Each structure stands twice: as structure tokens, then as C-alpha cells.
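Here is the structure we will look at.
Every number in this text was worked out from the coordinates using simple rules, so none of it is lab data. Note that the structure is predicted; figures quoted are calculated from it, not measured. When we count neighbours, we look across all protein chains shown, and the Cβ atoms used for this are built from the backbone with ideal geometry, even at glycine.
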Amino acid sequence: MHPQLQPGDRMARSDLHAHFGGRLQGRIRPSKTAPVILLITTPGAHESQHDGWTGHHFHFQGEGQGEREQRITNGNRVVAEQAASGRSLLLFVAASDGLVRYLGAYRVDPDIPYVRVSLPIVGDAVQPPRTGYVFRLVPEAGTPVPQGVPAAPPIASSTVIREQDLALPFHPRPGTERGRKATSIEEEAERLLKDYCDHLRYLGHEVRRYYVTPARELLPLPVDLFNRTTNELVACSGSTARTHMLTAFGELLDMRRFFAPSPQLVMLVPSKPRHDLADLCAAYDVTLVWPDGRDQFLSLEPTSTV
């Protein structure tokens with residue numbers, strides 16, 4: 001613990017800066033007068049969307065906004081190298097009255113210091129997410145359980161497959177920016193998934209949805225649909241544009257490894273795609289399915305002639 005601070009102490013940011021020096025702005029502020037690094041979390045803010053207490057660790061999102069990928073440089077490097085530098089991490093939470101409240105002293109977990117996550121780009125619902133980092137902080141002796149901070153999920157020690165309610169919306173996906181509206185392509189994928197799910201259930205098929213959290217990862221990955229009757233894994237693309245179909249294609253190849261026996265792969269699209277993309281799917285044994293406009297669905301098997 002820092003001798004001049006007690007958990008629960010409140011102060012203005014300017015006073016914090018006057019005492020410890022360093023940067024006046026930013027989430028990560030290395031001190032110029034003491035062997036400490038000041039960390040400031042702001043619950044509900046975009047830059048703190050992965051911050052919170054897991055029960056054993058405090059997760060603290062790395063700094064770096066805009067369109068650029070986060071990197072282990074500048075402030076992020078200072079935190080990552082905390083153990084080597086011998087500095088303590090002093091954690092504060094921004095309060096609604098403009099002050100900051102001291103939570104206690106922390107250090108970076110030596111076993112898994114950080115995990116990578118996908119971060120949406122603020123104000124751009126179409127551009128793919130960028131890579132970000134979440135640091136895993138362990139409280140030092142004397143630091144109490146933090147109060148008044150969000151709860152955060154721990155990383156998985158082994159792969160976890162969790163079933164989801166079919167009635168819940170399929171999109172947007174977990175980890176997307178809080179409050180972000182779905183794009184027209186995501187809305188189309190939502191409609192397609194609901195209609196196809198209803199179609200399969202009408203045929204008497206047993207349909208499920210899952211979230212898969214791989215070992216040593218933080219965020220769950222969605223499985224759009226799984227047809228247990230036919231052992232088919234379904235991923236949906238709300239557009240037949242190459243970029244969107246390749247995303248769904250990658251999801252199928254990624255998620256297949258978590259299910260045994262290995263499932264058949266199905267890509268749900270809004271209309272029949274052009275020959276080149278159909279050939280790509282056929283080369284990897286992916287069945288294409290699309291609505292026929294009369295409450296039915298057409299399919300193109302990998303062995304079919306396009």
C-alpha cells in the first residue's frame with residue numbers, strides 16, 4: 001500500500017497530478033516523483049468497457065483509441081513491465097462528482113499479464129474491430145476488494161461452451177460498443193437467423209445457440225445456430241459481399257473445432273452468391289443456404305454444380 005493513501009480516499013485529479021507528477025491526462029500516468037504508476041478507470045466509458053473486478057483480478061483495459069490497433073508501447077508498456085521496474089500500480093476510479101477515489105495498490109499477474117480482445121471503433125459501426133489489451137491486476141497485500149466498480153468476467157482456464165436462449169437477439173455480438181446501433185447488414189443477419197431458426201424448428205429439428213469461450217480467452221464467441229438433428233454448424237452473413245461472407249466463412253472454420261463429432265458447415269446468406277464465392281465454399285465443404293422468398297430455403301451443397 002502507498003503510505004500516504006488509504007483505499008476510499010477521494011481527491012481532485014489536479015491534486016493527484018500535483019502530488020505524483022507525470023501526465024495530467026490519460027488512463028495510465030507514470031509518476032515522476034515516486035515509484036508508482038497511476039491507473040484511472042471510468043465505469044461506463046468506452047475506454048473502460050472491459051474494466052472491472054473478477055473476484056481475483058482487476059481487469060484494466062489498455063490505452064489507445066481511434067482506429068489504430070493497441071500496442072504494448074508507451075503507457076501500455078509501462079504497465080506490462082511493472083514487475084521489472086519495481087513500481088506499484090495505484091488504481092483509482094473516476095467518481096461522478098469529478099473526483100477520483102483510491103481503490104488500492106496492484107501488480108500485474110506474472111502468469112498471464114494481459115489478454116487480447118476485440119475493440120470496436122468509436123463512431124464506426126461498419127469497420128472491423130481493432131485489437132486491444134486487457135491487463136490482469138492482482139491486489140497487493142492490504143488492498144481490499146474494490147467497491148463501486150463493475151463486475152468483469154474472468155478468463156477461462158479451459159474451453160467453456162454455454163447454451164443461449166433462442167429468443168434472445170442474435171446480433172449485435174458480445175463485445176461490441178455499448179449503445180451502438182446494429183448496422184443494416186447486422187439487422188438483415190438477425191432477420192435471416194430468426195427465419196431460418198423458425199424454419200428448422202417447424203421441420204422438427206432440434207436447434208441450439210451457444211457461446212464458446214476458448215481457454216485463456218476473455219470474451220465468448222457466438223455460435224449463430226447449431227442444428228443438433230443434422231449436426232450442422234450455421235454461420236450467417238447478412239450480405240453476399242466478399243468481406244462479409246469471408247467473415248462468416250472464418251467463423252465456421254473457427255467454431256468447428258469445438259464440437260465433436262465434427263459438424264457439417266452451413267453458411268446462411270440473403271441470396272445466392274456469385275460463382276467465385278460459391279466455389280470457395282464448395283472447396284471447404286460448406287453448404288450455402290438462402291431464402292427463396294416464399295418462406296422456404298434453397299441450398300447449394302458442396303458437390304453441386306454452380
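Observations, loosely collected:
- Helical mean residue ellipticity (222 nm; -39500 (n - 2.57) per DSSP H run of 4+; nearest 500) of the chain: -6000 deg cm²/dmol
- For the pair Thr159 and Asp279, label points projected 7 Å from Cα toward Cβ lie 3.3 nm apart.
- Take the Cα of Leu99, step 7 Å toward its Cβ, do the same at Ala215, and the gap between the two points is 4.7 nm.
- Simple Cβ-charge dipole of region 1-54, Lys/Arg +1 and Asp/Glu -1, about Cα centre, in debye nearest 20: 180
- Charge sum, other residues only, whose C-beta stays under 11 Å from Gly62's C-beta, Lys/Arg counted +1 and Asp/Glu -1: 0
- Sorting the segments 290-298, 75-83 by their residues' average number of neighbouring beta-carbon atoms within 10 angstrom, most packed first, yields 75-83, 290-298.
- Separation of alpha-carbon centers, region 1-55 and region 199-255, rounded to whole Å: 41
- Take the convex hull of the alpha carbons in the chain; its mean projected area over all directions comes to 17.8 nm².
- Percentage relative contact order, region 174-306, counting C-alpha pairs under 8 Å, at least six apart: 18
- Note on region 12-127: percent of Cα-Cα distances in each 10 Å bin, starting at 0 and stopping at the bin with the largest distance, equals 13, 46, 34, 7, 0.
- Computed extension gain for Arg23 through Gln147, at 0.36 nm per residue and net of the alpha carbon distance, reaches 42.0 nm.
- Average Cα contact separation per residue, the chain, under 8 Å, 6 or more apart, as relative contact order %: 13
- Here is the list for region 225-285: chymotrypsin sites (Phe, Trp or Tyr not before Pro) lying in DSSP coil, each with at most 14 other C-beta atoms within 10 angstrom of its C-beta, are Tyr284.
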